[in-house]
Amino acid sequence: MQDIDPSDQIDELHQHYKFIADQGQEPLRVDKFIMNFVENATRNKIQKAAKNGNIFVNEIAVKPNHKVKPRDVVKVMLEHPPHENLLTPENISLDIVYEDDQLIIVNKPAGMVVHPGHGNYSGTLINALLYHFDQLAENNDHRPGLVHRIDKDTSGLLVIAKTDQAMAKLSDQFKNKTSHREYTALVWGNVEADQGEIEGNIGRDPKNRLRNKVYEGDLAENGKPAKTYYEVVERLGYVTLIKCRLATGRTHQIRVHMKHIGHTLFNDERYGGDQILKGTHFTKYKQFVNNCFKVLPRQALHAGILGFEHPTSGKYISFEQELPHDIKNCIIKWRDYAHYKL
């Protein structure tokens, strides 16, 4: 099943989704079909959408028990939770790296959700921005100022648009892949090549709707094109420190691509990096790795470099943010361990 978009068609009350069923799709009720691929979609929410005539198969409104067949085009309009429409300013401190009359550069800490959504209606970056800034641009998602996103447990740089002009110019750069985004990651295993690229279409994992996966060959159409460039910074025995540059911006892109080539991000719980994936299983080694997990209780990923053309001057500007203490301390532990083993 292919998630086509999550989507560009956003109105004030609904989130729009569009899917195409795989060629091998077995007959399945449309409500179950939707629940498999829309994160946090509940049965009641889907039933209400059907009752309101907001579920379509091949452009025809259907009931929840309608059976989806191969290559059917399924569209659904789901209501936003009430809280999602009530963006409340909150006095949350922000690490502002740069600010002018057009934009803001924020260093987001790990653990902060970027925008309100199911289960995270407060304490987000958007809530904090609304408190600290009177002027923020609107966008199609009703998420003021937000040009792009990074995951909750990824730390690092984000650009926020203050004006509609800035929003349009910056969004175009991200869409056209002319912005520069570079991440630092600690991954399991010894990455043999000093540098390389990973190219593989990324789409929803049918076995776990909270994860994505790479689709190749005949199944490539189930995902969207994605490309990641990587370069080894330091080899630390059972883990490797790398830099990654995004040529595209798919959800969980680095996490999915690195897992695909056998080098899952260290302590990435969603993709299995919170298990001992390389090395021995002796008691002392287990204790060491578990201690590293405690030092770095999230995936080892940091958005350290962000560059783009300024929306009014046209001048290329770039920002760099050093690694946070949790990743630094974890690297130090692995460096000491590698030195001891040698």
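What follows draws every value from the coordinates through simple rules; no lab data is involved. Quantities reported herein were computed from a predicted structural model and do not represent experimental measurements. Positions of Cβ are generated from backbone atoms using ideal geometry, with glycine treated the same way; all protein chains shown enter the neighbour counts.
Data table
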| item | result |
| --- | --- |
| Residue in the stretch 134-150 that is crowded, with 21+ Cβ neighbours inside 10 Å and touching a residue at least 60 places away in the same chain (Cβ under 8 Å) present | yes |
| Residue in the stretch 30-47 that is nearest to the chain's Cα centre (by Cα), counting only those that are in contact (Cβ under 8 Å) with a residue 24 or more places away in the chain and surrounded by fewer than 14 Cβ atoms within 10 Å (Cβ to Cβ) | E39 |
| Check on M167, surrounded by 18 or more Cβ atoms within 10 Å (Cβ to Cβ), in contact with a helix residue (DSSP H, G or I) (Cβ under 9 Å, 6 or more places away or on another chain) and farther than 28 Å from E269 by Cα | no |
| Residues (assigned to a loop (DSSP other than H, G, I, E, B) and over 25 Å from I327 (Cβ atoms)) located in the stretch 177-213 | K177, T178, G200, P206, K207 |
| Tabulated pairs, the stretch 205-227, first more than 14 Å from H260 (Cα to Cα), second among the basic types (K, R) and not in a strand (DSSP E or B), C-beta under 7 angstrom, 6+ apart or interchain | L210/R270; K224/R250 |
| The lone exception for I60 - which of (1) in contact with a strand residue (DSSP E or B) (Cβ under 9 Å, 6 or more places away or on another chain); (2) more than 30 Å from N120 (Cβ to Cβ); (3) of a type in the set (A, V, I, L, M, F, W, C) it fails | (1) |
| Breaking point among (1) closer than 15 Å to C244 by Cβ; (2) under 16 Å from the mean Cα position of the chain (by Cα), for R209 | (1) |
| Matching residues, the stretch 107-129, being closer than 13 Å to I92 by Cβ and surrounded by 18 or more Cβ atoms within 10 Å (Cβ to Cβ) | K108, M112, V113, V114, P116, T124, L125, I126, N127, A128, L129 |
| Selection count where residues are of a type in the set (S, T, N, Q) and under 20 Å from H310 (Cβ atoms), scope the stretch 127-180 | 9 |
| Any strands (runs of 3 or more DSSP E) falling wholly within the stretch 228-342 and containing at least 1 residues that are surrounded by fewer than 17 Cβ atoms within 10 Å (Cβ to Cβ) and in contact with a Lys or Arg (Cβ under 9 Å, 6 or more places away or on another chain) | 239-246, 301-309 |
